[in-house]
Ligand SMILES: NC(=O)c1ccc[n+]([C@@H]2O[C@H](COP(=O)([O-])OP(=O)(O)OC[C@H]3O[C@@H](n4cnc5c(N)ncnc54)[C@H](O)[C@@H]3O)[C@@H](O)[C@H]2O)c1
(Lines give C-alpha, C1' and ligand atoms only; values in the text may rest on other atoms or scores of the structure.)
Protein backbone atom coordinates (compact mmCIF):
# COMPACT_ATOMS: atom_id res chain seq x y z
CA UNK A 1 0.00 0.00 0.00
CA UNK A 2 1.08 3.59 -0.61
CA UNK A 3 3.18 4.96 2.20
CA UNK A 4 4.63 1.69 3.51
CA UNK A 5 7.86 1.62 1.46
CA UNK A 6 10.48 4.26 2.14
CA UNK A 7 10.69 7.21 -0.26
CA UNK A 8 13.62 9.13 -1.77
CA UNK A 9 13.91 6.57 -4.48
CA UNK A 10 15.39 7.23 -7.91
CA UNK A 11 12.55 6.70 -10.34
CA UNK A 12 12.53 6.46 -14.13
CA UNK A 13 9.34 7.60 -15.88
CA UNK A 14 9.23 6.84 -19.63
CA UNK A 15 6.72 9.02 -21.46
CA UNK A 16 7.20 11.46 -18.57
CA UNK A 17 6.49 14.55 -20.71
CA UNK A 18 3.06 13.24 -21.72
CA UNK A 19 -0.35 13.82 -20.18
CA UNK A 20 -0.26 11.11 -17.49
CA UNK A 21 3.53 11.03 -17.23
CA UNK A 22 3.84 14.71 -16.31
CA UNK A 23 1.31 14.29 -13.49
CA UNK A 24 3.17 11.21 -12.28
CA UNK A 25 6.51 13.08 -12.27
CA UNK A 26 4.89 15.87 -10.22
CA UNK A 27 3.52 13.47 -7.63
CA UNK A 28 6.80 11.56 -7.28
CA UNK A 29 8.77 14.80 -6.83
CA UNK A 30 6.23 16.06 -4.29
CA UNK A 31 6.83 13.03 -2.09
CA UNK A 32 10.61 13.39 -2.26
CA UNK A 33 11.63 10.96 -4.99
CA UNK A 34 14.29 11.75 -7.55
CA UNK A 35 12.82 11.58 -11.05
CA UNK A 36 14.46 10.77 -14.37
CA UNK A 37 11.97 11.63 -17.12
CA UNK A 38 12.58 10.04 -20.52
CA UNK A 39 10.61 11.09 -23.59
CA UNK A 40 11.06 11.52 -27.34
CA UNK A 41 8.41 14.31 -27.38
CA UNK A 42 6.32 12.59 -30.06
CA UNK A 43 3.01 13.39 -28.34
CA UNK A 44 4.39 14.86 -25.13
CA UNK A 45 5.97 18.29 -24.82
CA UNK A 46 8.50 20.17 -22.79
CA UNK A 47 5.81 22.64 -21.73
CA UNK A 48 4.15 19.78 -19.79
CA UNK A 49 7.26 19.54 -17.61
CA UNK A 50 8.51 23.15 -17.84
CA UNK A 51 7.53 23.81 -14.22
CA UNK A 52 9.66 20.85 -13.07
CA UNK A 53 12.86 21.56 -14.99
CA UNK A 54 14.40 23.80 -12.34
CA UNK A 55 13.86 21.31 -9.54
CA UNK A 56 17.14 19.78 -8.33
CA UNK A 57 15.74 16.24 -8.11
CA UNK A 58 14.29 16.27 -11.66
CA UNK A 59 16.10 15.37 -14.84
CA UNK A 60 14.70 15.22 -18.39
CA UNK A 61 16.34 13.10 -21.10
CA UNK A 62 15.35 13.10 -24.78
CA UNK A 63 15.39 9.44 -25.74
CA UNK A 64 13.36 6.97 -27.80
CA UNK A 65 12.57 3.84 -25.75
CA UNK A 66 12.89 1.63 -28.82
CA UNK A 67 16.66 2.03 -28.23
CA UNK A 68 18.41 0.70 -25.12
CA UNK A 69 18.87 3.07 -22.19
CA UNK A 70 21.52 2.94 -19.50
CA UNK A 71 20.62 4.76 -16.28
CA UNK A 72 20.74 3.76 -12.62
CA UNK A 73 17.32 3.76 -10.94
CA UNK A 74 15.35 1.89 -8.26
CA UNK A 75 11.98 1.85 -10.04
CA UNK A 76 10.62 2.20 -13.56
CA UNK A 77 7.19 3.41 -14.69
CA UNK A 78 6.84 2.55 -18.40
CA UNK A 79 4.34 4.98 -19.91
CA UNK A 80 5.97 5.78 -23.25
CA UNK A 81 3.47 5.17 -26.06
CA UNK A 82 1.09 7.39 -28.02
CA UNK A 83 -2.34 6.80 -26.51
CA UNK A 84 -5.07 8.10 -28.80
CA UNK A 85 -6.01 6.65 -32.22
CA UNK A 86 -5.03 9.80 -34.17
CA UNK A 87 -1.56 9.63 -32.66
CA UNK A 88 -0.92 5.88 -32.62
CA UNK A 89 -2.23 5.41 -36.18
CA UNK A 90 0.06 8.15 -37.50
CA UNK A 91 2.97 5.66 -37.64
CA UNK A 92 1.58 2.24 -36.69
CA UNK A 93 4.91 0.42 -37.09
CA UNK A 94 6.58 2.83 -34.69
CA UNK A 95 3.64 2.34 -32.28
CA UNK A 96 4.19 -1.41 -32.14
CA UNK A 97 7.94 -0.87 -31.82
CA UNK A 98 7.40 1.54 -28.94
CA UNK A 99 5.24 -0.95 -27.07
CA UNK A 100 7.25 -4.08 -27.81
CA UNK A 101 10.88 -2.92 -28.19
CA UNK A 102 10.22 -0.31 -25.48
CA UNK A 103 9.02 -3.03 -23.09
CA UNK A 104 12.01 -5.27 -23.93
CA UNK A 105 14.46 -2.42 -23.33
CA UNK A 106 12.86 -1.32 -20.07
CA UNK A 107 12.49 -4.89 -18.80
CA UNK A 108 16.14 -5.54 -19.63
CA UNK A 109 17.10 -2.43 -17.68
CA UNK A 110 14.91 -3.48 -14.73
CA UNK A 111 16.48 -6.94 -14.77
CA UNK A 112 20.02 -5.55 -14.72
CA UNK A 113 19.15 -3.18 -11.87
CA UNK A 114 16.79 -5.54 -10.06
CA UNK A 115 14.28 -2.67 -10.14
CA UNK A 116 10.52 -2.83 -9.83
CA UNK A 117 8.77 -2.01 -13.09
CA UNK A 118 5.21 -0.91 -13.82
CA UNK A 119 3.60 -1.12 -17.24
CA UNK A 120 0.91 1.37 -18.30
CA UNK A 121 -1.32 -1.07 -20.15
CA UNK A 122 -4.80 -0.27 -21.36
CA UNK A 123 -8.44 -1.30 -21.41
CA UNK A 124 -7.89 -1.71 -25.17
CA UNK A 125 -6.37 -5.13 -24.43
CA UNK A 126 -10.03 -6.21 -24.01
CA UNK A 127 -10.68 -5.08 -27.62
CA UNK A 128 -14.36 -5.00 -28.50
CA UNK A 129 -15.44 -6.76 -25.31
CA UNK A 130 -18.19 -9.35 -25.13
CA UNK A 131 -18.29 -9.00 -21.32
CA UNK A 132 -19.48 -5.91 -19.41
CA UNK A 133 -18.00 -4.54 -17.23
CA UNK A 134 -14.56 -6.07 -17.96
CA UNK A 135 -12.85 -8.01 -15.15
CA UNK A 136 -9.11 -8.72 -15.41
CA UNK A 137 -9.79 -12.42 -16.10
CA UNK A 138 -11.48 -11.59 -19.40
CA UNK A 139 -9.06 -12.38 -22.25
CA UNK A 140 -10.55 -9.88 -24.66
CA UNK A 141 -11.75 -9.83 -28.22
CA UNK A 142 -9.07 -8.16 -30.32
CA UNK A 143 -8.65 -7.90 -34.07
CA UNK A 144 -4.98 -8.72 -34.82
CA UNK A 145 -4.89 -7.11 -38.29
CA UNK A 146 -6.93 -3.91 -38.12
CA UNK A 147 -5.90 -0.25 -37.91
CA UNK A 148 -6.13 -0.29 -34.09
CA UNK A 149 -4.09 -3.48 -33.75
CA UNK A 150 -0.72 -1.71 -33.58
CA UNK A 151 -1.82 -0.29 -30.25
CA UNK A 152 -4.02 -3.09 -28.88
CA UNK A 153 -1.71 -5.96 -29.85
CA UNK A 154 1.42 -3.96 -29.00
CA UNK A 155 0.10 -3.47 -25.48
CA UNK A 156 -0.94 -7.14 -25.23
CA UNK A 157 2.53 -8.27 -26.30
CA UNK A 158 4.06 -5.91 -23.73
CA UNK A 159 1.93 -7.57 -21.03
CA UNK A 160 3.17 -10.98 -22.24
CA UNK A 161 6.77 -9.79 -21.98
CA UNK A 162 6.18 -8.47 -18.45
CA UNK A 163 4.78 -11.79 -17.26
CA UNK A 164 7.53 -13.79 -19.00
CA UNK A 165 10.23 -11.65 -17.33
CA UNK A 166 8.41 -12.23 -14.06
CA UNK A 167 8.20 -16.03 -14.52
CA UNK A 168 11.59 -16.48 -16.16
CA UNK A 169 13.71 -13.91 -14.30
CA UNK A 170 11.71 -13.36 -11.08
CA UNK A 171 11.40 -9.68 -11.95
CA UNK A 172 9.03 -7.64 -9.73
CA UNK A 173 6.35 -6.43 -12.16
CA UNK A 174 3.16 -4.41 -11.92
CA UNK A 175 0.72 -4.33 -14.83
CA UNK A 176 -1.96 -1.66 -14.76
CA UNK A 177 -4.85 -1.59 -17.23
CA UNK A 178 -5.79 2.05 -17.57
CA UNK A 179 -9.31 3.04 -18.62
CA UNK A 180 -10.26 6.39 -20.18
CA UNK A 181 -8.61 9.18 -18.20
CA UNK A 182 -9.03 12.95 -18.50
CA UNK A 183 -7.70 16.09 -16.87
CA UNK A 184 -5.37 19.08 -17.25
CA UNK A 185 -2.68 18.76 -19.97
CA UNK A 186 -4.78 16.47 -22.16
CA UNK A 187 -4.08 17.00 -25.83
CA UNK A 188 -6.60 19.42 -27.37
CA UNK A 189 -6.81 17.63 -30.74
CA UNK A 190 -6.50 13.95 -29.93
CA UNK A 191 -10.05 13.13 -30.99
CA UNK A 192 -11.12 12.10 -27.49
CA UNK A 193 -14.59 13.01 -26.42
CA UNK A 194 -13.73 15.08 -23.32
CA UNK A 195 -11.14 17.28 -25.08
CA UNK A 196 -13.38 17.54 -28.20
CA UNK A 197 -16.39 18.72 -26.24
CA UNK A 198 -14.38 21.21 -24.15
CA UNK A 199 -12.63 22.72 -27.20
CA UNK A 200 -15.95 22.97 -29.10
CA UNK A 201 -17.69 24.59 -26.12
CA UNK A 202 -14.88 27.10 -25.51
CA UNK A 203 -14.82 28.04 -29.22
CA UNK A 204 -18.62 28.39 -29.24
CA UNK A 205 -18.86 25.73 -31.96
CA UNK A 206 -21.60 23.08 -32.06
CA UNK A 207 -20.91 20.07 -29.82
CA UNK A 208 -20.94 16.97 -32.00
CA UNK A 209 -22.64 13.98 -30.45
CA UNK A 210 -22.67 10.71 -32.40
CA UNK A 211 -26.02 8.92 -32.76
CA UNK A 212 -28.63 9.73 -30.14
CA UNK A 213 -25.94 10.27 -27.48
CA UNK A 214 -27.33 7.50 -25.25
CA UNK A 215 -24.08 5.46 -25.47
CA UNK A 216 -22.19 5.58 -22.19
CA UNK A 217 -18.53 6.02 -21.26
CA UNK A 218 -16.62 6.13 -17.97
CA UNK A 219 -14.04 8.80 -17.22
CA UNK A 220 -11.36 8.75 -14.55
CA UNK A 221 -9.86 12.01 -13.32
CA UNK A 222 -6.06 12.07 -13.65
CA UNK A 223 -5.34 12.59 -9.92
CA UNK A 224 -7.33 9.45 -9.07
CA UNK A 225 -5.53 7.51 -11.79
CA UNK A 226 -2.07 8.52 -10.55
CA UNK A 227 -3.09 7.65 -7.01
CA UNK A 228 -3.98 4.14 -8.23
CA UNK A 229 -0.69 3.89 -10.13
CA UNK A 230 1.39 4.82 -7.06
CA UNK A 231 -0.55 2.39 -4.87
CA UNK A 232 0.00 -0.41 -7.35
CA UNK A 233 3.74 0.24 -7.59
CA UNK A 234 4.02 0.35 -3.79
CA UNK A 235 1.85 -2.71 -3.19
CA UNK A 236 3.08 -6.06 -1.91
CA UNK A 237 5.49 -7.79 -4.32
CA UNK A 238 3.01 -10.65 -4.77
CA UNK A 239 0.57 -8.26 -6.48
CA UNK A 240 1.61 -8.27 -10.13
CA UNK A 241 -1.72 -7.34 -11.68
CA UNK A 242 -3.07 -7.00 -14.23
CA UNK A 243 -5.26 -4.55 -12.36
CA UNK A 244 -7.95 -2.34 -13.86
CA UNK A 245 -7.75 1.30 -12.82
CA UNK A 246 -10.58 3.52 -13.99
CA UNK A 247 -13.80 5.10 -12.91
CA UNK A 248 -16.84 2.83 -13.17
CA UNK A 249 -19.31 5.75 -13.09
CA UNK A 250 -21.16 5.78 -16.42
CA UNK A 251 -22.35 8.88 -18.25
CA UNK A 252 -24.15 9.18 -21.56
CA UNK A 253 -22.52 11.34 -24.21
CA UNK A 254 -25.51 13.66 -23.98
CA UNK A 255 -24.98 14.08 -20.21
CA UNK A 256 -21.30 14.82 -20.78
CA UNK A 257 -22.11 17.40 -23.47
CA UNK A 258 -24.66 19.09 -21.19
CA UNK A 259 -22.21 19.23 -18.26
CA UNK A 260 -19.49 20.74 -20.45
CA UNK A 261 -21.91 23.37 -21.78
CA UNK A 262 -23.07 24.24 -18.26
CA UNK A 263 -19.54 24.44 -16.80
CA UNK A 264 -18.10 26.51 -19.65
CA UNK A 265 -21.16 28.78 -19.80
CA UNK A 266 -21.00 28.23 -23.57
CA UNK A 267 -23.81 28.99 -25.98
CA UNK A 268 -22.88 25.97 -28.12
CA UNK A 269 -25.74 23.81 -29.35
CA UNK A 270 -25.63 20.01 -29.50
CA UNK A 271 -25.45 18.63 -33.04
CA UNK A 272 -26.12 14.96 -33.72
CA UNK A 273 -23.98 13.08 -36.28
CA UNK A 274 -24.29 9.50 -37.61
CA UNK A 275 -22.95 6.86 -35.23
CA UNK A 276 -19.60 5.37 -36.42
CA UNK A 277 -19.84 1.65 -37.15
CA UNK A 278 -17.51 0.43 -34.42
CA UNK A 279 -18.76 2.73 -31.66
CA UNK A 280 -19.30 0.56 -28.55
CA UNK A 281 -22.53 1.16 -26.61
CA UNK A 282 -20.77 0.88 -23.29
CA UNK A 283 -17.32 0.61 -21.75
CA UNK A 284 -16.78 0.35 -18.03
CA UNK A 285 -14.08 -1.07 -15.75
CA UNK A 286 -14.68 -3.66 -13.07
CA UNK A 287 -12.50 -2.31 -10.25
CA UNK A 288 -13.24 -4.93 -7.58
CA UNK A 289 -9.56 -6.04 -7.57
CA UNK A 290 -8.18 -2.50 -7.18
CA UNK A 291 -10.56 -1.96 -4.25
CA UNK A 292 -9.70 -5.23 -2.55
CA UNK A 293 -5.93 -5.33 -3.19
CA UNK A 294 -4.98 -1.65 -3.22
CA UNK A 295 -7.79 -0.07 -1.19
CA UNK A 296 -8.24 2.22 -4.20
CA UNK A 297 -11.29 3.75 -5.75
CA UNK A 298 -11.80 7.02 -7.59
CA UNK A 299 -12.79 10.04 -5.50
CA UNK A 300 -13.14 12.98 -7.89
CA UNK A 301 -16.67 13.46 -9.27
CA UNK A 302 -16.97 14.13 -13.03
CA UNK A 303 -18.29 17.64 -12.44
CA UNK A 304 -15.23 18.68 -10.37
CA UNK A 305 -12.75 17.01 -12.70
CA UNK A 306 -14.35 18.66 -15.73
CA UNK A 307 -14.25 22.08 -14.05
CA UNK A 308 -10.49 21.71 -13.39
CA UNK A 309 -9.89 20.48 -16.95
CA UNK A 310 -11.87 23.36 -18.45
CA UNK A 311 -9.82 25.86 -16.37
CA UNK A 312 -6.64 24.32 -17.75
CA UNK A 313 -7.87 24.41 -21.38
CA UNK A 314 -8.94 28.05 -20.95
CA UNK A 315 -5.51 28.96 -19.59
CA UNK A 316 -3.59 27.09 -22.28
CA UNK A 317 -5.61 27.93 -25.38
CA UNK A 318 -7.93 30.88 -24.73
CA UNK A 319 -5.89 33.55 -22.89
N1 LIG B 1 -4.88 8.61 -21.18
C2 LIG B 1 -5.60 7.50 -21.16
O3 LIG B 1 -6.82 7.55 -21.04
C4 LIG B 1 -4.91 6.15 -21.24
C5 LIG B 1 -5.72 5.01 -21.28
C6 LIG B 1 -5.11 3.76 -21.36
C7 LIG B 1 -3.74 3.65 -21.38
N8 LIG B 1 -2.97 4.77 -21.35
C9 LIG B 1 -1.51 4.58 -21.42
O10 LIG B 1 -0.84 5.47 -20.54
C11 LIG B 1 0.38 5.91 -21.12
C12 LIG B 1 0.44 7.42 -21.14
O13 LIG B 1 -0.65 7.92 -21.93
P14 LIG B 1 -0.99 9.47 -22.05
O15 LIG B 1 -2.47 9.60 -22.12
O16 LIG B 1 -0.23 10.23 -21.07
O17 LIG B 1 -0.46 9.74 -23.53
P18 LIG B 1 0.61 10.80 -24.07
O19 LIG B 1 0.65 10.65 -25.55
O20 LIG B 1 0.31 12.15 -23.52
O21 LIG B 1 1.96 10.29 -23.41
C22 LIG B 1 2.80 9.35 -23.99
C23 LIG B 1 4.23 9.89 -23.91
O24 LIG B 1 5.12 8.92 -24.45
C25 LIG B 1 6.04 9.59 -25.30
N26 LIG B 1 6.53 8.62 -26.28
C27 LIG B 1 5.85 8.05 -27.30
N28 LIG B 1 6.65 7.21 -27.97
C29 LIG B 1 7.86 7.23 -27.34
C30 LIG B 1 9.10 6.59 -27.58
N31 LIG B 1 9.27 5.71 -28.58
N32 LIG B 1 10.15 6.87 -26.76
C33 LIG B 1 10.01 7.76 -25.73
N34 LIG B 1 8.85 8.39 -25.47
C35 LIG B 1 7.80 8.13 -26.27
C36 LIG B 1 5.26 10.72 -25.91
O37 LIG B 1 6.06 11.76 -26.43
C38 LIG B 1 4.41 11.17 -24.72
O39 LIG B 1 5.08 12.14 -23.94
C40 LIG B 1 0.47 5.29 -22.51
O41 LIG B 1 1.28 4.14 -22.46
C42 LIG B 1 -0.96 4.90 -22.80
O43 LIG B 1 -1.04 3.79 -23.67
C44 LIG B 1 -3.52 6.03 -21.30
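The values are calculated or read from the model by the stated rules, or taken from the named source; none is laboratory data. Bear in mind that the values here come from a model prediction, so they are computed numbers and not experimental data. Here Cβ is always computed from backbone atoms with ideal geometry, including for glycine, and neighbour counts include all displayed protein chains.
Of the residues that make up region 112-133, is at least one touching a helix residue (DSSP H, G or I) at 6+ places or on another chain (Cβ under 9 Å), surrounded by fewer than 16 Cβ atoms within 10 Å (Cβ to Cβ) and touching a residue at least 60 places away in the same chain (Cβ under 8 Å)?
The answer is no, given that none of the residues of region 112-133 is touching a helix residue (DSSP H, G or I) at 6+ places or on another chain (Cβ under 9 Å), surrounded by fewer than 16 Cβ atoms within 10 Å (Cβ to Cβ) and touching a residue at least 60 places away in the same chain (Cβ under 8 Å).
Can you say whether residue 90 is free of Cβ contacts under 8 Å to residues at least 40 places away in the same chain and more than 7 Å from the ligand (Cβ to nearest atom), as far as the supplied structure shows?
Here the answer is yes, as residue 90 does meet what is asked.
Which count do you get for residues in region 261-293 that are closer than 17 Å to residue 247 by Cβ and in contact with a strand residue (DSSP E or B) (Cβ under 7 Å, 6 or more places away or on another chain)?
Of the residues in that region, 8 qualify.
Which count do you get for residues in region 113-134 that are away from the ligand (no atom under 13 Å from the Cβ) and modelled with pLDDT of 95 or more?
Of the residues in that region, 5 qualify.
So which residues in region 70-87 are part of a helix (DSSP H, G or I) and either buried (at least 22 other Cβ atoms within 10 Å of the Cβ) or more than 7 Å from the ligand (Cβ to nearest atom) (or both), if there are any at all?
85, 86 - these are the residues of region 70-87 that are part of a helix (DSSP H, G or I) and either buried (at least 22 other Cβ atoms within 10 Å of the Cβ) or more than 7 Å from the ligand (Cβ to nearest atom) (or both).
Could you please find all residues in region 200-220 being assigned to a loop (DSSP other than H, G, I, E, B) and more than 24 Å from the chain's Cα centre (by Cα)?
Listed by number, the residues that qualify are 204, 205, 206, 211, 212, 213, 214.
State all residues of region 50-69 that are more than 22 Å from the chain's Cα centre (by Cα) and either at pLDDT below 95 or surrounded by 12 or more Cβ atoms within 10 Å (Cβ to Cβ) (or both); if no residue qualifies, say none.
Once the filter is applied, which keeps residues that are more than 22 Å from the chain's Cα centre (by Cα) and either at pLDDT below 95 or surrounded by 12 or more Cβ atoms within 10 Å (Cβ to Cβ) (or both), region 50-69 yields 55, 57, 68, 69.
Can you list the strands (runs of 3 or more DSSP E) found entirely within region 231-307 that contain at least 3 residues being in contact (Cβ under 8 Å) with a residue 12 or more places away in the chain and within 30 Å of residue 115 (Cβ to Cβ)?
It comes to 243-245.
Quick test for you: out of 165, 182, pick the one residue that is at pLDDT 95 or above and within 16 Å of the ligand (Cβ to nearest atom).
The conditions single out 182.
Would you check which residues across region 181-199 are in a loop (DSSP other than H, G, I, E, B) and more than 15 Å from residue 223 (Cβ to Cβ) and list them?
Within region 181-199, 187, 188, 189, 190, 191, 192 meet the criteria.
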